1. Restricting attention to segment 419-456, which residues are in a helix (DSSP H, G or I) and not hydrophobic (A, V, I, L, M, F, W, C)?
2. Among (1) over 23 Å from PHE138 (Cα atoms); (2) part of a loop (DSSP other than H, G, I, E, B), where does MET43 come up short?
3. Would you say GLY219 is touching a strand residue (DSSP E or B) at 6+ places or on another chain (Cβ under 9 Å), under 29 Å from TYR160 (Cα atoms), small (Gly, Ala, Ser) and touching a residue at least 12 places away in the same chain (Cβ under 8 Å)?
4. Taking the criterion of being of a type in the set (Lys, Arg), under 30 Å from ILE252 (Cβ atoms) and assigned to a helix (DSSP H, G or I), would at least one residue in segment 393-400 satisfy it?
5. So which residues in segment 235-269 are of a type in the set (Lys, Arg) and either assigned to a strand (DSSP E or B) or under 18 Å from the mean Cα position of the chain (by Cα) (or both)?
6. What number of residues within segment 338-381 are part of a strand (DSSP E or B) and among the charged types (D, E, K, R)?
7. Could you please let me know if GLY126 is more than 20 Å from the chain's Cα centre (by Cα) and among the small types (Gly, Ala, Ser)?
8. Please find, within segment 203-232, the residue that is nearest to ASN293 (Cα to Cα) out of those that are surrounded by fewer than 21 Cβ atoms within 10 Å (Cβ to Cβ) and not acidic (Asp, Glu).
Amino acid sequence: MNVVVMKFGGTSVEDQTAIERTSGIVAGRVARGKSVVVVVSAMAKVTDQLLAAAAASGRGDRTGALAISSRLRSRHRDTAAALLKEPTETQFWLDSKFDTLDEILRGLSAILELTPRISDLIVSYGERLSSRMIAAAFAERGIKAVHVDARECIITDSQYQKAVPQDDLIEKRCAVNVLPLLKAGQVPVMGGFIASNEAGLTTTLGRGGSDFTAALIGGALNAEAIEIWTDVNGIMTTDPRICPDALRVKTISFEEAAELAYFGAKVLHPATILPAVKKNIPVYVLNSRNPENEGTRITSLAPHCQSPFKCIAVKKKLTIIDVVASRMLMTHGYLHEIFTVFDKHKCPVDMVSTSEVSVSLTVDSNDKLPAIAADLSKLADVKYEGKKALICMVGENIRGQQGIAAQVFNAIRHVNVRMISQGASEINMSFMIEEEDAEEAIRSLHAAFFKQPDPNIFDVNERTAADVASIAGGTH
């Protein structure tokens, strides 16, 4: 069975026009004889609004929370009315779900305790609503679509807000809830991002989790391809909003794509890569607004690239933490104690640099920093600085290219570099600079390293200035 898992992000299902366009793309795959599973995000911006409603209820603002829910109800009802000739049944279902959501918000405003479990339950409504409505729209347009509750397929542990999938259980659930539908020629449509634990309580995979859902379903079904449909033409050499002459990368390795995703590329979620790598399933990043474009193909082994780098990513809003203890640095267990602090606060570290008397680390700027610094100060002197950016340059065998570091830092010789990491990975060179210098640094690096791009790897004929206006904020 030639199974293709197609994931559509929030901007690809944001309104009637987008959903109709998505329907045409899915119909095209079905017409080619593919067995298709569709995974959809919530409509654009819905997740943010649900989080805002949850936060309002959690602080006792019942009126504000219910007003957000009312606006969302109207948006979904209006979209269903525009999509469906007979929308009554779908609208009735939507109303029943919004009634339940309103009850949850009222209860939360009474108890004033927004727990991760309740947050997951509230935010899950985005995908639950969109997937049911989109399945009905597909069916009316001649696709044999059937709605499947993703919580019946994606089973996780109970780490609410960023739950860990249980691969064996997912495979078993897909064999029961998805495979028979495919064999019957139907198209299962499910929400991404949402899941449940073994007790049936709603969990989520974290922001960006719809990509992860698609990869988990693809892995469980041994799909021939996973398609991530977004609103750009694929993975770019850098952010075209910063550098309008950015190029589309036609092919890239799993390892390179994972590095890019972790270090700030918004096109796909880092964890998306993992289930695909395990089963060696190619991942395609495609544009729902330009479905004829071939996008980017991500595979286990990409062809050799004549250019030293394939992409430049940037991760902003970072903080450098300096831990200075002249008498303890070489003491056994000292580094372990430092990282135990970060583990305690569940704060990932992006980059580490050590000297004879200090350790410098970079982390996402967040409200835990004062508590982290307080714990670290029990071990050593601590100071931290925010408003930093991490530039990540990804390519193959960077470690083996003589003089590459000199070329990089010559290109940005006018920028003050705070930390450097090269050698920990063969495919990544990273350095930390002031956030205000990030965009200028990216433009300088792109001009230096993409003058003569390899036409086998990059689409040299496709410049992306026209795409800049179409790029929207993070979808999941």
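The values are calculated or read from the model by the stated rules, or taken from the named source; none is laboratory data. Remember, predicted model here, so these are calculated numbers, not experimental data. Virtual Cβ from ideal backbone geometry, glycine too; neighbours counted across all protein chains shown.
1. Of the residues in segment 419-456, the ones in a helix (DSSP H, G or I) are 435-449.
The answer is GLU435, GLU436, ASP437, GLU439, GLU440, ARG443, SER444, HIS446.
2. (1)
3. Yes.
4. yes
5. ARG248, LYS266
6. Keep residues of segment 338-381 that are part of a strand (DSSP E or B), which gives 349-354, 358-364, 381.
Within this subset, residues satisfying the condition of being among the charged types (D, E, K, R) are 350, 364, 381.
Here the count works out to 3.
7. no
8. ALA225
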